[in-house]
Amino acid sequence: MKLFISFSFNEEYLPTPRCKKVRVREVASSTSVTIKECTKEDAPLVMLVKRYECEDCEIRVFKGKLYRNVQRRNMNRVDDNEEPLEQNETVKTIDWQTTIWGQTYYNDCRWNGTTGDVSSKAKIKKNASKYLVIDDMVFMRTTEPVYNITCFGLMDSAGMFIEWKDKYSTQKSCYSAMEREECHNALKRILSCCREK
């Protein structure tokens, strides 16, 4: 699938031939990117992640890499609505411009101090390479889903959540999908220590 992504960049120029001092102006441009496509037979289902009030998230493997559904949060949802909180994106519902790069006026040169469109084009192509279309559903590159223990507040509050983080992270208590019981036991241990205070 071929797309055109708009962006802005800074360009150096001389206002007149007599000028010696280079000026900088912002220029709008666009570049074409290609999103990979395949069928469900080419990308078999590996895992199905179920979360509270969210649409089921499929994890598929394609050419040795994991991909998961791109999900968008339903901001118009009301409490008694039957729609899920996070919904899977399809080719018809996704906004490729904001998903890959952001707004059309976003200028990466403002933040990294470079001029020219080379770095912006490279970043856009790198971001686009993370996405895959499988039978009209949009998927993105991911890591293995892990269970994460999060403690909130100073009292007896903790929870076990599904995160898309590296399971070898040293910052958080992360457990792989196969270590669910270990995570549950660690959560019980944390809650029992909190309640003893």
Under the rule rounded for a/c under 1.5, else prolate if a/b exceeds b/c, else oblate, using alpha carbon gyration tensor axes a ≥ b ≥ c, region 40-130 is classed as oblate
Straight-line reach check, Lys36, cutoff 18 Å on alpha carbons, 8 or more apart in-chain or any other chain, hits among aspartates and glutamates -> Glu58, Glu89, Asp95, Asp135, Asp136
Labelled set [x] 1, 8, 16, 21, 20, 15, 10, 6, 3, 1, 0, 0; [y] 1, 6, 11, 14, 17, 16, 13, 8, 5, 3, 2, 2, 0, 0; [z] 1, 6, 11, 12, 12, 13, 12, 10, 7, 5, 4, 2, 1, 1, 0, 0; P(r) over Cα pairs in 5 Å bins from 0, in percent computed from this model equals the value at [z]
In degrees rounded to 10, the 0-90 angle between helix 118-128 Cα long axis and the longest Cα principal axis of the chain is 30 degrees
Projected onto the charge dipole of the chain (unit charges on the beta-carbon of Lys, Arg, Asp and Glu, signs +1, +1, -1, -1), the Cα from Val33, Ala177, Val46 with the largest positive-side position is that of Val33
For the chain, the longest principal axis of the Cα atoms and the Cα long axis of helix 180-196 enclose an angle in degrees, to the nearest 10, of 70 degrees
Per-residue ellipticity at 222 nm attributable to helices in the chain (runs of n ≥ 4 DSSP H, -39500 (n - 2.57) apiece, nearest 500 deg cm²/dmol) works out to -5500 deg cm²/dmol
Ranked output for segments 105-117, 10-22 by mean other Cβ atoms within 10 Å, highest leading, reads 105-117, 10-22
Beyond 31 Å (Cα-Cα) in this structure, taken from Lys50/Lys126; Lys126/Lys188; Lys92/Lys126; Lys123/Lys165; Lys20/Lys125, we find Lys126/Lys188; Lys20/Lys125
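None of the figures in this text is laboratory data; all of them are computed from the coordinates on show. Only a predicted model underlies this, so the values are computations on that prediction, with no experimental measurement involved. Positions of Cβ are backbone-derived with ideal geometry, glycine not excepted, and every protein chain shown enters the neighbour counts.
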